[in-house]
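Please read the structure below before turning to the comments.
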Amino acid sequence: MQIEIQNLSLSYPGGFKALDDINLSISDGMFGLLGPNGAGKSTLMRIMVTLMQPSMGRVLVDGKDIGKHRKEIRTMVGYLPQDFRFFTKLKSWEFLDYAARLAGMNSRKERLIRVDEMLESVGLFEFRNRMANKLSGGMKRRLGIAQALIAHPSIIIVDEPTTGLDPEERIRFRNLLSDLGRSETIIILSTHIVGDISSTCNQMALLNEGSLIYQGTPDQLVQQASGFVWRAEITPEQYENLKTEVPIISTIPSSGGWEVQFVGERPAGIEAFPVDANLEHAYVHHMDNKLEHWNLK
Ligand SMILES: Nc1ncnc2c1ncn2[C@@H]1O[C@H](COP(=O)(O)OP(=O)(O)OP(=O)(O)O)[C@@H](O)[C@H]1O
Ligand SMILES: [Mg+2]
């Protein structure tokens, strides 16, 4: 399966341009969409699930324009909106049964088996009789994930799926998705949590202010930051100076002042030691370079 996004732009009523000429290829597996608040991630996802139409450009799924095949595309897609809420007064299992019916699962017997299966995989089986709107925030999120996956979609689009999940559930969710990612499925997840992407996605894109600023593998992005990550012990005075020059990633108090990690060129006048780059460093490095490039800093 292949998704092609071609010259996609979107302006909201009033003229604000939330997406600006996006071109992106997505193939089977897990795709991570990373970017700061307001980058346009949710907007892009809403277009991909045909809830919104682009101002320009198009999205093709296996060569078919989704704008012209809305009905067909909707049966293929499982979607978790960022602001997913329950408006209905239903028990958790009833809600999933309802979602399965909406997604076209007509056999009640099959539905009920699938509902139990999904409740198990998101760890909500013991809460199946609790009203959906009375679940805790994280549990609601998990029920939202379950409704997106219930009808075996071949395209899974989940907007900030791990928000509000505790660490154990986060790992469970990642494993659930990576299991699905092995079959003929495309999973697109948005996040601003870099760790969610490094551990699961084989493809990723970085979005900033409506523009695509990186597309590739997480490893390639990390390689770009190689040689630009440093550790140093510095005095409070040096710290004040340094923070105006480079992005500081971490600061720990040490005997002489601060032990810091930062990305960028090695600054003069400071004894700094190289550190292996990870995806978080790479993200900061890339964003910083782009901003500099555009003279926005
Ligand atoms: N309905 C709307 N009308 C006008 N502007 C909007 C609307 N929805 C979103 N925007 C604007 O479009 C831009 C992109 O918003 P979007 O929700 O797609 O970002 P995001 O990357 O999902 O951010 P976050 O990480 O905070 O969820 C933002 O500047 C936002 O204010
Ligand atoms: Mg969003």
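A few notes on this one:
- Of the residues making up region 256-282, those that are aliphatic (A, V, I, L, M) and farther than 12 Å from Asp219 by Cα are Val260, Val263, Ala268, Ile270, Ala272, Val275.
- Qualifying residues in region 44-67 (those that are within 13 Å of ligand 1 (Cβ to nearest atom) and without any contact (Cβ under 8 Å) to a residue 40 or more places away in the chain) - the one farthest from Leu207 (Cα to Cα): Leu51
- For region 135-184, the set of residues classified as farther than 16 Å from Leu80 by Cα and outside any helix (DSSP H, G or I) consists of Leu135, Ser136, Asp166, Arg182, Ser183, Glu184, listed by residue number.
- Across region 203-234, the number of residues qualifying as surrounded by 17 or more Cβ atoms within 10 Å (Cβ to Cβ) and farther than 30 Å from Ile3 by Cα comes to 6.
- Taken over region 135-176, the residue count meeting the criterion of being more than 16 Å from ligand 1 (Cβ to nearest atom) and among the β-branched types (Val, Ile, Thr) is 5.
- Any chance Leu33 is closer than 25 Å to Leu135 by Cβ, of a type in the set (A, V, I, L, M, F, W, C) and either outside the structural domain of His192 (by TED's automatic domain parsing) or buried (at least 16 other Cβ atoms within 10 Å of the Cβ) (or both): no
- Applying the set (1) farther than 28 Å from Ser107 by Cα; (2) more than 16 Å from ligand 1 (Cβ to nearest atom) to Ile188 leaves exactly one unmet item: (2).
- Single residue of Leu102, Leu143 found to be in contact (Cβ under 8 Å) with a residue 12 or more places away in the chain and more than 16 Å from ligand 2 (Cβ to nearest atom): Leu143
- Count - residues of region 266-296 that are at pLDDT 90 or above and among the charged types (D, E, K, R): 3
- Residue in region 68-81 that is within 30 Å of Asp116 (Cα to Cα), part of a loop (DSSP other than H, G, I, E, B) and either modelled with pLDDT of 95 or more or within 16 Å of ligand 1 (Cβ to nearest atom) (or both) present: yes
- Of the listed requirements (1) surrounded by 15 or more Cβ atoms within 10 Å (Cβ to Cβ); (2) part of a helix (DSSP H, G or I), Glu237 misses just one: (1).
- Selection status of Phe31, aromatic (Phe, Trp, Tyr), within 16 Å of ligand 2 (Cβ to nearest atom), in a loop (DSSP other than H, G, I, E, B) and touching a residue at least 24 places away in the same chain (Cβ under 8 Å): no
- One residue alone among Thr50, Thr43 is within 15 Å of ligand 2 (Cβ to nearest atom) and not hydrophobic (A, V, I, L, M, F, W, C), and that residue is Thr43.
- Val59 surrounded by 17 or more Cβ atoms within 10 Å (Cβ to Cβ) and part of a strand (DSSP E or B): yes
- Only one entry in Ser25, Ser107 is touching a residue at least 12 places away in the same chain (Cβ under 8 Å), surrounded by fewer than 16 Cβ atoms within 10 Å (Cβ to Cβ) and among the hydroxyl-bearing types (Ser, Thr, Tyr), namely Ser25.
The values are calculated or read from the model by the stated rules, or taken from the named source; none is laboratory data. These numbers were taken from a predicted model, which means no experiment stands behind them. Because the Cβ atoms are built from the backbone with ideal geometry, glycine has one as well, and the counts that use them run over all protein chains shown.
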